[in-house]
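Report on the following structure.
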Amino acid sequence: MEWWKDAIIYQIYPRSFQDSNGDGIGDIPGIISRLDHLQELGVGAIWLSPVYPSPNDDNGYDISDYKNINPEYGTLEDMDRLILEAKRRGIRILMDLVINHTSTKHAWFEKSRRRIEPYTDYYYWAPGNPDGTLPNNWTGFFGEDCWQWDDVRGEYYLHLFARTQADLNYHCPQVLDEVKDVLRFWLDRGVAGFRCDVINLLWKDSLADGEKRLALTGLEHYLSLPETHGILRQLRKVLDGYRAFTVGETVFVTPEMARDLCAEDRGELNMVFSFEHMECDQRFIKWLKRDFRPKAFFECLIKWQKELPWNTIYLENHDQPRSIPRFGSNSWWRESGKLLATLVLTLRGTPFIYQGQEIGMVDFDFDGVDQLDDVESRNVNRLLSAYHVPEGLRWRIISRTSRDNARTPMQWDDGPNAGFTTADKAWLGVNRNFHFINLADQENDPDSIWNWYKDLAKLRGEREVLRRGDFLWLECTHRVFVYRRRLGAESVTVALNFSGRPARVGSRGRLLRSNYHRDGFDGRLQPWEAVILEDV
Ligand code: TEU
Ligand code: CA
């Protein structure tokens, strides 16, 4: 049974979801205490960002032990209890599988740098060049080069991400055996599957110089290589024994690549996160923003709807700024928040909702760079400083793109620290707007974004056409997006106005939902209005 085609999946960033013991850091008992919230939303599975032991240079994406729980978050017993308590509410748990790299604090790395067998080749090691230059010219994802000298070993190691995230070497067969073992460890404990971090980069074909590019020189040596597909097929054999689910995070993925990764007969992944629709407001690299152009965004969504029989639908995660200021409008906060909810819950595919999205949380309100935590933002700040970019401009660039925008603590109520923690201070600043944006308030407001999400999630559950129906676009202009979902004789049309001005569309039908109060629909949309019509 493909449960994931009917489920809504909710992403939790554990550090920022709910603190239970007053240390200012979210934790697993905190998550357990909020499971009812997720059940009420109609969530079928939770994707947990990493909860493994980690020095937290990249907040858990630098894992130092794959088979344990970070003491900041709890214990293995807490994790077992989470799996059980979630199951009692019909919710599955997906873990984050980060196997492109480990923390340099991982025991494997400690042994590898000392050339202790069989760990010697677990990572990509290389001597420098006689002229003192790095092993090759590749550049990394976090705005630095990707080689770090290790004194113990007397060689450089490869890191595509932060300096303390060393890339695992899949040319060494033991590495894959270790990963299989990790999969079994968690599947035996009852997790339902994995979100697989940067999974299309696993195999590096050589360490030769790359073609010079504006960003990520070297990419052609590791992006979606055939051997990576082979690795995924091997992992799938383990996963299939448990009927487990996988979604791959796949950077730079094209529809063709995605089809290869997700085709049922190839036996690799179940679905992937593509990035194209998230790049509509970027030039070349994420730090160079341009104005959001809805038409390009709709066209991109249409392309992916058409090219793949099924995939993920998402607008937010822990790496991206919040969706309302980005694709909607802060001045039409409520309306555009509901419109974006409508999009996510009515396109064809599995909707992923990121914590806080269901109450319309917006970007952080930090005052300056010293309030940032994210390793990527701090690196970029350092880099821009080195090029003498003035502080004002640096802040403009970083504040709009920083991953910390999505990582501020969840806003539960209007008590101290938004109900996230009883500590004086949360690990990352709570947004001061929590007096206006918080769950408790929205629970009492029938017109809230929260109640809209709940209502649409329910509608999606009741109407098979919204889940399994095919997709057909009807109108796609610089601000209006209209599409139809159809299953047998059932047909539903969704019309969205991505602008602060009224708009007209050609569709009519019996009004099922609108984010405005209205009785019928005559083709006229209010600013940021979303309507769902039953075709008659
Ligand atoms: O992200 C991979 C990735 O390439 C980007 O989303 C990245 O976070 C950044 O935006 C590049 O500019 C995954 C995780 O989601 C992210 O949190 C980790 O930091 C990263 O892998 C390394 O594990
Ligand atoms: Ca805690």
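The values are calculated or read from the model by the stated rules, or taken from the named source; none is laboratory data. Since this is a predicted model, take the numbers as computed values, not measurements. All Cβ positions, even for glycine, are placed from backbone atoms using ideal geometry, and neighbour counts span all protein chains on display. The protein model used for the area step is the full one, side chains on, heavy atoms only, and it has no ligands, DNA or RNA in it. Shrake-Rupley method; radii C 1.70, N 1.55, O 1.52, S 1.80 Å.
Tabulated results
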{"quantity": "Accessible surface of ARG510 - all protein chains present, 1.4 Å probe, nearest 10 Å²", "calculated": "120 Å²"}
{"quantity": "Average accessible area per residue (Å²) across the range 268-379 - probe 1.4 Å, nucleic acids and ligands excluded", "calculated": "31 Å²"}
{"quantity": "For the range 16-102, Kirkwood radius (reciprocal of mean inverse C-alpha pair distance, Å)", "calculated": "13.3 Å"}
{"quantity": "Mean Cβ count within 10 Å, highest first, over the residues of peptides 90-103, 323-336, 515-528, 495-508", "calculated": "90-103, 323-336, 495-508, 515-528"}
{"quantity": "Karplus 3J(HN,Hα) series, Hz, for the range 513-522 with 6.51 cos²θ - 1.76 cosθ + 1.60 (x for Gly, Pro)", "calculated": "8, 8, 7, 10, 7, 7, 9, x, 10, 10"}
{"quantity": "Per residue accessible area of the range 1-118, 1.4 Å probe, in Å²", "calculated": "34 Å²"}
{"quantity": "In the range 410-463, chymotrypsin sites (Phe, Trp or Tyr not before Pro) in a DSSP loop with at most 13 other beta-carbon atoms within 10 Å", "calculated": "PHE436"}
{"quantity": "Relative packing of peptides 390-399, 308-317, 63-72, 204-213 - highest average C-beta neighbours within 10 Å first", "calculated": "308-317, 63-72, 390-399, 204-213"}
{"quantity": "Percent accessible area from carbon and sulfur atoms, the chain, protein chains only, probe 1.4 Å", "calculated": "49 percent"}
{"quantity": "Separation of alpha-carbon centers, the range 46-80 and the range 186-232, rounded to whole Å", "calculated": "22 Å"}
{"quantity": "Entries in LYS303/LYS338; LYS212/LYS289; LYS67/LYS425; LYS338/LYS425; LYS5/LYS87 that, when Cα-Cα distance is taken, lie over 27 Å", "calculated": "LYS67/LYS425; LYS338/LYS425"}
{"quantity": "Residue-averaged [θ]222 nm for the chain, counting only DSSP H segments that reach four residues, each worth -39500 (n - 2.57)", "calculated": "-8500 deg cm²/dmol"}
{"quantity": "Radius 13 Å from Cβ of ASP522, net charge of other residues (Lys, Arg +1; Asp, Glu -1)", "calculated": "+3"}
{"quantity": "Rg/Rh (Cα only; Kirkwood hydrodynamic radius) as it applies to the chain", "calculated": "0.96"}
{"quantity": "For TYR170, distant residues with modelled amide H under 5 Å away", "calculated": "LYS204"}
{"quantity": "Charge context of ARG153, other residues only, Cβ under 13 angstrom, K/R +1, D/E -1", "calculated": "-1"}
{"quantity": "Relative contact order (%) - criterion: Cα under 8 Å, at least six apart; region: the chain", "calculated": "13 percent"}
{"quantity": "Positive-end residue of GLN411, ALA426, GLN148, charge dipole of the chain with Cβ unit charges", "calculated": "GLN411"}
{"quantity": "For ASN200, net neighbour charge (Lys/Arg +1, Asp/Glu -1) across residues whose Cβ lies under 11 Å away", "calculated": "-4"}
{"quantity": "Cα shape, the range 427-514, gyration tensor, a/c 1.5 rule", "calculated": "prolate"}
